[in-house]
Amino acid sequence: MGCLWHVIRETVSFIIGVIALICLIVGAYTIYEKICTDYIFPSEAKVRKRAEQFINTEKLPKYFELKNYISVMGTHVIIANNIRNNQKIAVIKAGKIINITKDNIHSKNIDSILEKTAANLSYLPLEVSRIKVTQKGFIKSSGHSLPYIKVNAQVIHKNKGINVEGIIGALNHNNKDKNLLLFSFNETNKYKQKTTENFLKYIKK
């Protein structure tokens with residue numbers, strides 16, 4: 001699946017493990033089985049159902065696999081994988097951890113905002129560094145022109161580094177969600193803007 005997918009999978013596994021442990025400590029096995037397992041390890045059908053609030057899953061092509069749905073500390077993440085080129089796309093309803101919005105994504109201090117966001121994620125078993133904004137622009141989604149930034153970065157996991165590139169876009173779900181974001185990344189020189197544009201066709205208005 002590639003190094004980038006391995007990093008994402010390991011990070012998701014770490015978050016899942018922490019939440020599962022909390023579930024086991026706080027509640028009995030029955031609670032874990034009926035609530036935690038269903039929420040943390042949902043079936044593909046339930047992942048698609050939860051994604052329906054943002055994505056037209058009925059029309060989404062099969063080569064976009066919805067891999068998981070995570071909800072941690074007020075941040076909700078839908079992760080998709082394009083099986084044709086292994087590009088990873090995440091729709092994120094950001095909580096307090098990620099302070100990137102459509103109001104500041106093109107601001108002059110976006111570099112410092114990205115650095116603070118990376119610092120807020122320091123508890124994860126990976127390190128994001130060398131973040132560099134290389135381009136600012138707009139991309140079409142459901143009839144809207146949405147601001148995005150193109151970014152290069154290095155992701156370090158278990159002392160192994162991988163260089164990635166892609167975009168962070170501010171979605172405009174229902175014309176009111178200021179903290180709905182789209183992350184679309186791949187390994188350096190493998191990122192395809194067309195893949196992102198194709199996925200955006202299925203984002204709901």
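The values are calculated or read from the model by the stated rules, or taken from the named source; none is laboratory data. In this text, all values refer to a predicted model and were calculated from it rather than measured experimentally. Note: ideal-geometry Cβ built from the backbone for every residue, glycine included; neighbour counts use all protein chains shown.
Would you tally the residues in the range 185-202 being of a type in the set (Lys, Arg) and assigned to a helix (DSSP H, G or I)? Residues in the range 185-202 being of a type in the set (Lys, Arg) and assigned to a helix (DSSP H, G or I): 1 in total.
Condition (residue is modelled with pLDDT of 85 or more, among the polar types (S, T, N, Q) and either out of contact with any Pro (no Cβ under 8 Å at 6 or more places or on another chain) or over 26 Å from ARG50 (Cβ atoms) (or both)) applied to the range 129-143: is it met by at least one residue? Within the range 129-143, one or more residues are modelled with pLDDT of 85 or more, among the polar types (S, T, N, Q) and either out of contact with any Pro (no Cβ under 8 Å at 6 or more places or on another chain) or over 26 Å from ARG50 (Cβ atoms) (or both). With respect to (1) surrounded by fewer than 19 Cβ atoms within 10 Å (Cβ to Cβ); (2) at pLDDT 90 or above; (3) not in a strand (DSSP E or B), the lone exception for ASN174 is condition (2).
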